[in-house]
1. Mind checking which residues of the stretch 551-572 are part of a loop (DSSP other than H, G, I, E, B) and β-branched (Val, Ile, Thr)?
2. Out of the stretch 141-160, which residues are more than 19 Å from the chain's Cα centre (by Cα) and either farther than 21 Å from Asn103 by Cβ or at pLDDT below 90 (or both)?
3. Given Leu238, Leu184, Leu264, which one is touching a His at 6+ places or on another chain (Cβ under 6 Å), more than 21 Å from Gly102 (Cβ to Cβ) and crowded, with 21+ Cβ neighbours inside 10 Å?
4. Can you name the condition, by its number, that Val471 falls short on among (1) of a type outside the set (S, T, N, Q); (2) in a helix (DSSP H, G or I); (3) within 16 Å of the chain's Cα centre (by Cα); (4) at pLDDT 95 or above?
5. Output the qualifying pairs, or none if there are none: Cβ atoms under 7 angstrom, residues six or more apart or on different chains, first residue in the stretch 222-246 and within 16 Å of Arg325 (Cα to Cα), second residue among the β-branched types (Val, Ile, Thr) and in a helix (DSSP H, G or I).
6. What do you reckon, is Leu690 surrounded by 15 or more Cβ atoms within 10 Å (Cβ to Cβ) and closer than 28 Å to Arg465 by Cα?
7. How many residues does the stretch 601-628 hold that are assigned to a helix (DSSP H, G or I) and crowded, with 20+ Cβ neighbours inside 10 Å?
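The values are calculated or read from the model by the stated rules, or taken from the named source; none is laboratory data. What you see is a predicted model; the values in this text were computed from it and never measured. Here the Cβ is made from the backbone with ideal geometry for all residues, glycine too, and neighbour counts use every protein chain on show.
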Amino acid sequence: MTTSHTLSERDSKALLADHGVPIAPERFVATADEAGDAADAIGYPVVAKLNGDAIAHKTERGLVRLRLGDRAAVVAAATDLLAAATPADGDVDVLVAPMVSGNRELIAGVVRDDQFGAMVMLGLGGILAEAIADVVFRPAPLDQATAGDMIDDLQTQKLLGAFRGEAAVDRDQLVSLLVGLGQLAADRPDVASVDINPLIVDPDGRLVAVDGLVEIGEPDTSRATLRQRPTDEQFAALFEPKGVLVTGASTHPGKFGFVSLHNLLSNGYQGGVYGTNLKGENVLGVDTVADIESLPDDAIDLVFVCTPASANPDLLRACAKKGIRAAFLTSAGYGEAGDEGIKAQADLVALADELGILLAGPNGQGVVSTPVDMCVQIVAPYPPAGKIGVASQSGNFVSSFLNHAKASGVGISRAVSAGNAAAVGVADYLDFYADDPATAVGLAYLEGITDGRGLMDRLGEAAKRKPLVLVKGGSTEGGAQAAASHTGALAADDKVFDGACRAAGITRAASIEEAFEAAATFATQPLPAGPNTVVVTTVGGWGVVTADAITRDPDLELLTLPDDLLAAIDEKLPPRWSRNNPIDCAGGETRDTIPEVLSLVAHHPDVHSIIYLGLGIQSNQAQMMRHGRFYPDHGIERIVEYHERQDTRFAEAAHALSVETGKPILTSTELAVADPSNAGPVAVRASGRLCYPSGERAAVALGHLTRHVKYRQARGL
């Protein structure tokens with residue numbers, strides 16, 4: 001049983017001061033008269049507290065006296081405090097300190113999370129702390145850049161700046177304090193928690209820790225326990241096999257053994273395709289065999305298992321003899337099926353390790369690898385080829401990401417459902433994608449966590465090499481309960497998990513749609529050099545809401561247009577244009593206006609990114625004309641073709657300028673989803689880029705790119 005105790009306030013503050021925490025000047029005295037002397041030396045008003053090794057929570061026992069304005073009050077208070085001591089308190093004395101006050105209070109400290117270990121905490125203090133719950137975490141130890149990120153992540157940024165005539169919070173001092181707390185947690189694995197509350201901000205912006213308690217427990221000696229990642233050769237067997245075997249191949253179109261073979265054969269895979277079937281039937285043109293021993297040696301790398309769990313141990317042994325190095329198991333009845341299933345799963349993992357086989361699943365839906373035209377899944381769809389590598393604890397969300405890829409045209413390199421992740425987890429796949437030439441960005445859905453430290457070690461290493469976008473289920477209490485029942489693993493505290501992601505440079509999205517759009521943006525847009533963003537729009541309302549979205553993002557800047565850019569645009573637009581950012585063309589466009597204005601903006605050195613709105617309006621009208629009863633007479637045919645050519649030109653111009661300048665240009669129109677056949681979105685998809693359904697969603701995706709750049713720049717990556 002773990003035991004812990006809280007250090008006295010004297011010992012707590014001494015330890016904190018040694019690690020850079022600013023402690024108010026205070027004295028510990030033995031008598032009431034000495035308390036009066038101490039107060040005279042410090043200056044009034046003061047606070048007096050009873051201090052002792054066994055006294056942790058003074059307020060509850062009334063052992064604190066505030067705002068003592070003269071010596072008599074101090075002596076009387078000290079007399080009362082000493083009289084209130086009990087034998088259980090042990091040796092006691094009186095703490096006398098200046099009465100520090102300020103309009104702003106923070107809280108800081110250290111907690112040891114069961115999943116992620118020691119975490120440094122920073123939050124808003126004072127009477128509204130619990131109601132607002134503005135608190136952020138980072139793993140300990142942390143560097144100055146990470147401490148700065150913590151400060152930037154607080155929602156109540158206005159309280160950190162100049163406030164009601166008081167100076168801004170001393171950022172350098174706060175950074176040093178957070179770094180010191182992280183170092184304390186690293187130096188002292190027996191420190192179970194640190195609670196600095198309140199951390200007062202004085203009128204000059206300086207920080208003073210008024211109260212600070214350190215809890216000591218058993219040393220934290222736990223370490224990351226993730227399994228060793230499969231080798232590149234094993235992953236090659238999974239994602240680029242020279243031959244695939246489907247076990248349990250079936251002639252029944254409703255069986256997994258039929259569907260998986262059908263999907264493999266129907267999407268262009270050129271490797272060898274084999275199947276087992278107890279009757280040796282011909283299934284979809286494949287002559288199956290009754291047993292694996294009848295198959296050729298060293299012709300197959302991957303086995304896709306559609307047989308019951310009871311048959312799988314013997315099946316893996318037979319596969320190993322044939323040189324098969326990877327197995328994907330759709331079979332259920334393992335870790336999700338109670339104690340007996342958990343044991344069967346552990347035994348199967350041990351067997352796969354012994355045989356040198358990568359074991360994917362069990363209870364998964366399949367694997368996709370577009371570089372070799374492979375879709376061996378028990379469900380649709382098969383996506384277009386692209387640069388996004390997908391891994392998910394939930395097979396349903398693999399399907400979701402693949403559906404978004406089909407709809408948007410932004411394609412997938414690899415995709416796999418981890419299933420129970422008995423031997424290979426989401427982090428392992430993402431770590432492989434980080435070195436995969438076919439993949440530009442990793443995209444993952446995660447729920448349950450069994451080893452937070454190991455997970456973040458592996459994800460953090462992957463994120464150093466390639467962008468990584470993650471969406472996590474179980475971020476609320478209700479979702480966490482659902483996640484636990486779904487995966488059999490716990491969902492971590494969401495704020496702690498978020499802090500671990502931020503510290504590792506992982507892009508965390510709030511929804512599946514946001515995650516896909518962030519990954520698609522990483523895959524198809526250049527990275528911005530900075531935060532300055534310009535909106536170019538053909539109508540005002542869209543520009544206004546997009547400007548709002550940019551302004552809300554803490555890492556984007558709605559650029560004030562430089563004078564030389566204003567003057568240049570004046571030459572292209574009539575006087576009624578907005579002369580501001582967003583650049584609202586106000587219906588003053590001629591044939592070449594949009595490409596020319598986009599070019600002026602993209603080539604300006606102060607501009608880092610562009611969001612272009614209004615594509616497809618002309619083609620929308622063209623479509624109504626094309627399907628109206630007057631087409632093709634009255635000159636309608638010519639104007640329809642002109643409108644559609646124009647929108648195509650505009651999309652192509654945005655793409656070409658982005659390539660030429662190396663700057664992201666995000667094109668947005670609701671027609672991307674309302675009418676995907678519109679010439680504008682069609683041309684964007686043809687360029688290989690994502691057409692965003694709204695300016696707000698484009699701004700969110702751009703914010704993720706900008707944070708990624710900011711993170712890497714701050715760390716010299």
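1. If the condition is that a residue be part of a loop (DSSP other than H, G, I, E, B) and β-branched (Val, Ile, Thr), then Thr560 is the only one that fits.
2. Pro141, Asp143, Gln144, Thr156, Gln157, Lys158, Leu159
3. Leu184
4. Result: Val471 fails condition (2) only.
5. So the pair list comes out as Glu240/Val372.
6. Working: surrounded by 15 or more Cβ atoms within 10 Å (Cβ to Cβ): yes; closer than 28 Å to Arg465 by Cα: yes.
In short, yes.
7. Result for the stretch 601-628: 5.
Listed here are the residues, each with its yes/no results for (1) within 19 Å of Ala547 (Cβ to Cβ); (2) in the same structural domain as Ala547 (by TED's automatic domain parsing); (3) without any contact (Cβ under 8 Å) to a residue 12 or more places away in the chain.
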| site | (1), (2), (3) |
| --- | --- |
| Leu561 | yes, yes, no |
| Ala568 | no, yes, no |
| Pro575 | no, yes, yes |
| Pro582 | yes, yes, no |
| Gly588 | no, yes, no |
| Glu596 | no, yes, no |
| Ser599 | no, yes, no |
| Pro605 | no, yes, yes |
| Leu613 | yes, yes, no |
